[in-house]
Structure formats: structure tokens, C-alpha cells
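Since the structure comes first, as C-alpha cells, the remarks are kept for the end.
Derivation of every value follows stated rules applied to the coordinates shown; laboratory data play no part. Just so we're clear, the structure is a prediction, and the values are computed from it rather than from any experiment. Cβ placement follows ideal geometry from the backbone for every residue including glycine, while neighbour counts extend to all protein chains displayed.
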Amino acid sequence: MHVLVINCGSSSVKYQVVDAAGGDALAEGKIERVGAEKSHADAIGEVLAATAGHTFGAVGHRVVHGGERFHDATRIDEDVIAAIEACVPLAPLHNPANLAGIRAAREALPDVPHVAVFDTAFHVRMPRRAKTYAIDPAVADAHGIRRYGFHGTSHEYVAQVAARFLEHDLADLRVITLHLGNGASACAVEMGSSVETSMGMTPLEGLVMGTRSGDLDPGVVLHLARALGVDATDDALNRASGLAGLSGLGNDLRDIQDRAEAGDDRARLAINVFAHRCRKYVGAYAAVMGGLDAIVLTGGIGENSVEMRRRILQRLEFLGVRVDEDANRDAKVSHASPVADISEARARVRTLVVATNEERMIATKAAAVAAGIKQVKAAGPIPIAVSARHIHLDRAAMDLLFGDGSELTEYKPLSQPGQYAAAEKLTIVGPRGRIEGVRVLGPLRRSCQVEVSRTDEFKLGVDAPVRHSGKTEGSAPITLEGPKGTLHLKEGLICAWRHIHMTPADAEAYGVKDGDFVEVEVTGGPRDLTFGDVAVRVSEKYALEMHIDTDEANAAELDRGAAGDLVYEDIVGSTASLQRKR
Ligand code: ADP
């Protein structure tokens with residue numbers, strides 16, 4: 001499928017025709033002086049004239065701000081346009097330009113699916129602790145103040161490319177991606193999701209950028225606003241700071257590096273502050289993820305500046321990062337050859353330079369949405385099961401807790417074939433409190449896993465990550481007390497990610513596939529609720545059932561044994577609603 005990718009800014013429209021299958025750019029260009037001399041509609045007209053020989057299966061639009069609503073690339077309709085419009089106050093410079101491009105392109109190509117790909121979408125699933133600024137929630141809600149993050153398309157793309165290069169599933173890796181261009185941001189990618197990123201409510205927070213300050217004491221903003229006025233402060237921090245402001249030389253790092261070499265102290269300081277900030281974030285994000293497998297550098301600076309990479313990556317040996325000087329100097333990346341490994345062979349953490357390609361990512365996502373447009377399907381009821389806190393044990397843990405060679409006793413079967421609640425129970429002990437009588441589920445597994453709710457977590461005094469079952473690496477420590485012994489697990493405590501088990505036949509019927517995330521709406525009761533980010537798990541071994549924990553069930557006032565009907569509300573197979581039968 002050929003996809004027209006449109007990146008509509010306030011003064012220019014960039015476009016590419018991308019073959020979504022191979023990712024090759026078949027045509028590209030930039031229309032300048034938009035806004036002043038020509039309208040966005042004129043510019044889109046020029047784009048279509050320049051790409052007249054192509055037939056498009058989809059048009060992918062880069063949209064900077066998707067607010068809270070958009071988790072992924074989304075087919076554009078009037079409702080989506082209104083939602084993008086609602087995000088204008090959050091991105092006053094970018095979203096209006098993006099919308100102008102969308103409107104003009106839809107009018108010019110009414111029969112092709114148009115898809116919005118959001119810079120913010122990759123970060124939407126960040127944990128609340130990372131999204132939340134420590135201010136009064138009423139103030140935050142009233143003004144939409146939280147961390148949204150940007151550059152998501154690039155962070156996601158380079159993390160995926162890195163995982164492929166390392167021959168690992170991204171879901172098994174902890175990666176820090178540094179997108180260092182004119183705008184710059186860092187992202188902690190844990191198990192394929194963004195769990196932290198340095199840009200915040202706006203692209204001003206975080207790393208030092210071409211002309212933006214990045215992090216500073218919020219008191220500085222108040223102080224400057226009082227002294228200079230709000231607009232002048234905006235200008236000072238967004239357009240006259242960063243590398244340009246520090247060096248006094250403009251925002252091109254090449255010039256700053258040349259001047260630094262010639263002895264210019266301001267240029268040297270600019271480079272040092274930039275690198276120091278990046279290194280600080282690497283340390284912080286390794287701590288956030290409880291470990292690190294790879295660092296990825298991308299963007300104009302990350303891909304090209306040998307000197308800046310060296311400065312950022314120095315003195316990180318304690319994390320397992322070891323850069324090979326020669327490999328760093330020789331690293332050359334391009335769309336055709338997008339990865340250079342600059343780590344020493346013995347390094348525990350791989351350090352990669354990766355050429356980002358946001359247009360390719362936008363094309364891939366737009367093509368997937370366009371190809372995924374499905375017809376409404378009738379689907380049967382889905383039972384909802386509420387999982388109480390429980391424990392999975394491995395053989396060694398069983399021996400230690402219940403005695404050598406002991407076996408679990410089946411108490412009652414669970415809905416998933418072969419699984420059962422055992423008669424055996426244990427006490428879970430955290431630093432703050434203990435929970436007794438927690439049931440063990442059988443059969444034994446290859447590793448231990450303890451699943452609790454957020455409420456339990458507070459009682460125990462631990463911070464358990466929300467994880468898919470089996471993904472316990474880097475999760476929280478916990479102690480188990482049994483009749484024959486006590487077991488300290490270094491990791492294994494999680495809050496289970498809500499999910500639906502289904503067979504391949506069910507998946508076919510519902511029009512979803514393994515790894516999809518769906519929204520599940522519970523309606524018809526006193527507390528209607530939409531569960532977002534429900535993971536779809538498909539296997540021949542499963543029986544159709546949605547699993548949520550007790551907190552989630554309480555939030556929706558669901559009774560045990562609730563069942564519902566999965567109903568498609570629209571033609572894109574990612575929104576399903578589950579209606580409760582009472
Ligand atoms: P944008 O965020 O606008 O897309 P880019 O990702 O193209 O920006 O990055 C632009 C930055 O990359 C500029 O600061 C530029 O100086 C820097 N850059 C590009 N090539 C080099 C190089 N060879 N050495 C150092 N810096 C470079």
C-alpha cells in the first residue's frame with residue numbers, strides 16, 4: 001500500500017509517499033511559505049500535483065497533540081477532528097496547522113482513509129506516577145496539566161528497530177531512547193511501553209534543546225514572568241534558550257562544536273550542559289526501570305555528533321554501558337542502514353545509534369489502520385472474572401514453603417483449562433504490612449509471581465508495576481511465608497494488566513488479534529465504566545473470559561460471575577463495548 005504522509009506545520013507542509021510494506025520513500029518534498037503566501041489548501045493542492053502518479057491506500061497525518069484520548073493511530077472522522085480541535089489549547093502552534101492540513105487533504109482525497117498519528121500516543125499508557133505533577137489535582141484537571149510527552153512516533157520507532165537489531169522482543173527489553181534533534185527528549189521504554197519521558201505538558205520540559213531551555217526551576221518562570229512579562233518569558237525560554245541561548249551562536253550544534261574547539265567558553269559550556277542533562281536522564285531512567293538493556297541515540301545530533309555521543313555516554317560504566325571509541329567515530333546510519341552498534345563487545349548494555357524515520361512509522365500505522373477497517377460483526381457474550389490476589393509458585397518455592405516434594409492440592413478448578421485454585425495458602429509480607437490467607441494457584445509454574453491489587457499494594461507498602469502475567473523481570477520484591485519456610489523474592493510482585501483470554505476462533509469472531517488492546521465498556525449498571533488498554537491474549541489453550549482485579553471490579557460495581565455482550569460500535573476493530581447483563 002502506498003501511503004501519503006503529511007506533516008503540516010504552521011509555515012510549511014512536508015510530505016512523503018511511502019511504500020508501507022518496505023518502508024521506502026517513493027517521493028518527498030516540502031512546500032514552504034504556507035500561511036503567509038498560500039493557504040494550507042493551496043499547499044495540499046501542490047502536494048497532490050507533485051504526487052499525481054501515485055494511488056494512495058491511506059493518508060497518514062502527523063498530529064502533535066492527542067491529549068488523553070488517543071492511544072494509537074486513529075481513523076479520522078468528524079468526531080476525531082473535534083477531539084483534535086479540543087487539544088488546541090495544549091498545542092496552540094501545532095494542532096491548528098495539523099487540522100488545516102487534515103481538512104484540506106480530506107476534501108481533496110475524500111475516498112481514501114485518513115489516519116491521524118499522534119506524537120503523544122506512545123506515552124498515553126505511562127503510569128500515573130510518571131504522568132502526574134505534584135500539584136493540586138483540581139488545578140491539574142481544570143487546566144489539563146499532566147505529562148503528555150512528545151516525539152512518541154520516533155521513540156517507538158527507534159525502540160522497535162533496536163529490538164529487531166538485538167534480536168529480542170521489545171516486550172522483554174528496557175531501553176532508553178534519546179531523540180536529540182532541534183527538539184530533544186528522552187524516553188524510558190519498558191516492555192514496549194513508554195513509562196517515562198522528559199517532555200511534559202508542553203515540549204519545553206526536559207533536555208536542553210536547540211532553542212528551548214528544558215528543565216529549570218519553576219520559580220524561574222515566575223520570576224521572569226514578573227520581570228519581563230509572560231510573552232517575553234515564553235520567547236526567552238522557547239526561542240532564545242537551549243544551545244542557541246547558551247552559546248550565543250544559533251542552534252546548529254556543528255557551529256557550536258567548531259567554536260568550542262577554537263576555545264570559545266560559551267560554546268563549551270553549552271555542549272557540557274547539554275551532555276550533562278542527557279546523562280542525568282539516562283541514570284534516572286535506568287532507575288525508573290530498575291535496570292537497562294540498551295541505549296538508543298537518534299535525531300540530528302544523536303545520529304551525527306560523535307563528540308556529543310561520547311560526552312553523554314562517558315562514565316556510565318557502572319550501568320554496564322561501554323562505548324567503543326572507534327565504533328562511535330565510525331558510526332554512520334541512514335534509512336537504508338539504520339543501526340550502528342557502538343558498544344564494546346563486553347558491554348552489558350548495548351548502545352546503538354539508530355536513524356529515526358517518523359514518516360515510515362506514520363505510514364506503517366496509517367496502513368495498518370486502513371487495512372484493519374472491518375465490518376460490524378455479531379459477537380457473543382464475554383464473561384468477566386474477578387481475580388482476587390493470588391500466588392503462582394515454582395518447584396523450588398513449593399519445596400521451601402510447604403516442604404520438599406510437597407504437591408498442591410486442587411481445591412477447585414478455574415475457568416482457564418488446566419488451572420485450579422489450590423487448597424494451599426500463604427502470607428504475603430511487605431515492608432509495611434502483611435496479608436494472610438492468600439491462595440496459591442496451580443499447577444506450578446517456571447517462576448514465582450504474586451498478583452495483587454493497588455489497594456493491597458498500599459497495605460503491603462510496595463510499588464508493584466502493572467504487568468502482563470509472566471513479565472516479572474524488574475518487578476517488585478516480596479516475601480512469602482509458608483508453613484515450612486519463608487521465601488524472599490527479589491522480584492515477582494505485580495498488578496496484573498487487565499486482559500481478555502480467547503481462542504483463535506473467538507479472536508476471529510471479534511475481529512481482534514493477540515497483543516491488541518481494546519476498550520471495554522461496562523454499561524447498564526449504576527457505575528458505567530470504560531476499561532481502556534485491555535490486552536487481548538489469544539491461544540488455543542484459553543477459554544473466553546475477561547480478567548480484572550478486585551479494585552477494577554469494585555470501581556464498576558461488578559458482581560462476581562458477571563457476563564456481557566461484546567458489541568462493535570464502529571467499523572474500526574479497536575473499540576468494543578461490553579454490556580453487562582444483570
Ligand atoms: P529536527 O528536530 O528539527 O528534526 P534534526 O533531528 O534534523 O532536527 O536535528 C537537527 C540538529 O542536528 C541540529 O542541531 C544540527 O546541528 C544537528 N546535527 C546535524 N548533523 C550534525 C553533525 N554532523 N554534527 C553535529 N550536529 C549535527
Relative to the chain, whose Cα atoms define the longest principal axis, helix 230-239 and its Cα axis are tilted in degrees, nearest 10, by 90 degrees
Find, among the GluC sites (Glu not before Pro) in region 67-164, those assigned to loop by DSSP (not H, G, I, E, B) with at most 15 other beta-carbon atoms within 10 angstrom. 68
With +1 on the Cβ of every Lys and Arg and -1 on the Cβ of every Asp and Glu, the dipole magnitude of region 307-458 about its Cα centre, in debye rounded to the nearest 20, is 460 debye
Kirkwood Rh, angstrom, region 274-385 [1 / mean 1/r, Cα pairs]: 16.6 Å
Calculate the translational D of the chain in whole µm² s⁻¹ from Stokes-Einstein, where the hydrodynamic radius comes from the Kirkwood formula applied to all Cα pairs, the temperature is 10 °C and the viscosity 1.306 mPa s. 61 µm²/s
Extended-chain gain in nm, criterion 0.36 nm per residue less alpha-carbon gap, residue 454 and residue 78: 131.6 nm
Degrees, to the nearest 10: 358-371 long Cα axis against longest axis of the chain: 50 degrees
How large is ³J(HN,Hα) for each residue in region 198-210, as worked out from phi by the Karplus curve 6.51 cos²θ - 1.76 cosθ + 1.60 (θ = phi - 60°), to whole Hz, x for Gly and Pro? 8, 6, x, 5, 10, x, 8, 7, x, 5, 5, 10, x
Diffing region 15-20: the Karplus 3J(HN,Hα) column from phi (6.51, -1.76, 1.60, θ = phi - 60°), in whole Hz with x for Gly and Pro, holds 9, 8, 9, 10, 7, 4
Would you be so kind as to identify which of 512, 109, 452 lies farthest towards the positive end of the dipole of the chain, taking Lys and Arg as +1 and Asp and Glu as -1 on Cβ and the Cα centre as origin? 452
Based on DSSP, what percent of beta bridges with both residues in the chain are antiparallel, to the nearest 5? 65 percent
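Trypsin sites (Lys or Arg not before Pro) within region 278-337: which are DSSP loop residues with at most 14 other Cβ atoms inside 10 Å? Kindly include the intermediate steps, with their values, before the conclusion.
Details: sites: 279, 280, 309, 310, 311, 315, 322, 329, 332; in loops: 315, 322, 332.
For trypsin sites (Lys or Arg not before Pro) across region 278-337 that sit outside H, G, I, E and B with at most 14 neighbouring Cβ atoms in 10 Å, the list reads 315, 332.
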Rounded to the nearest Å, the spacing of the alpha-carbon centers of region 503-524 and region 255-330 is 43 Å
Relative to the longest principal axis of the chain, what angle (0 to 90°, nearest 10) does the C-alpha long axis of helix 265-289 take? 10 degrees
Counting other Cβ atoms within 10 Å of each Cβ, which trypsin sites (Lys or Arg not before Pro) in region 482-532 have at most 11 and sit in a DSSP loop? 527
Starting from the Cα of residue 254, step 7 Å toward the Cβ, then list every residue of region 302-316 with an amide N under 17 Å from that point. 302-309
Taking 0.36 nm per residue of sequence separation and subtracting the Cα-Cα distance, how much length would be gained by fully extending the chain between residue 128 and residue 527, in nm to one decimal? 141.4 nm
Points 7 angstrom from Cα along the Cβ direction at residue 486 and residue 555: gap in nanometres? 3.4 nm
Taking the Cα centroid of region 403-474 and of region 157-178, what is the distance between the two, rounded to the nearest whole Å? 30 Å
Cα-based Rg/(2.2 N^0.38 Å) for region 437-541, rounded to two decimals, is 1.28
Distance check, please: which entries in 365/471; 484/541; 471/513; 14/38; 332/365; 365/513 exceed 23 angstrom between their Cα atoms? 365/471; 484/541; 332/365
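About the Cα centre of region 73-139, what is the dipole size in debye to 20, counting +1 per Lys and Arg Cβ and -1 per Asp and Glu Cβ, all else neutral?
In debye, rounded to 20, region 73-139 gives about 420.
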Distance (nanometres) between label positions extended 7 Å along Cα→Cβ at residue 344 and residue 519: 5.1 nm
Roughly speaking, what is the stretch gain from residue 306 to residue 412, that is 0.36 nm per residue apart minus the C-alpha to C-alpha distance, in nm to one decimal? 32.0 nm
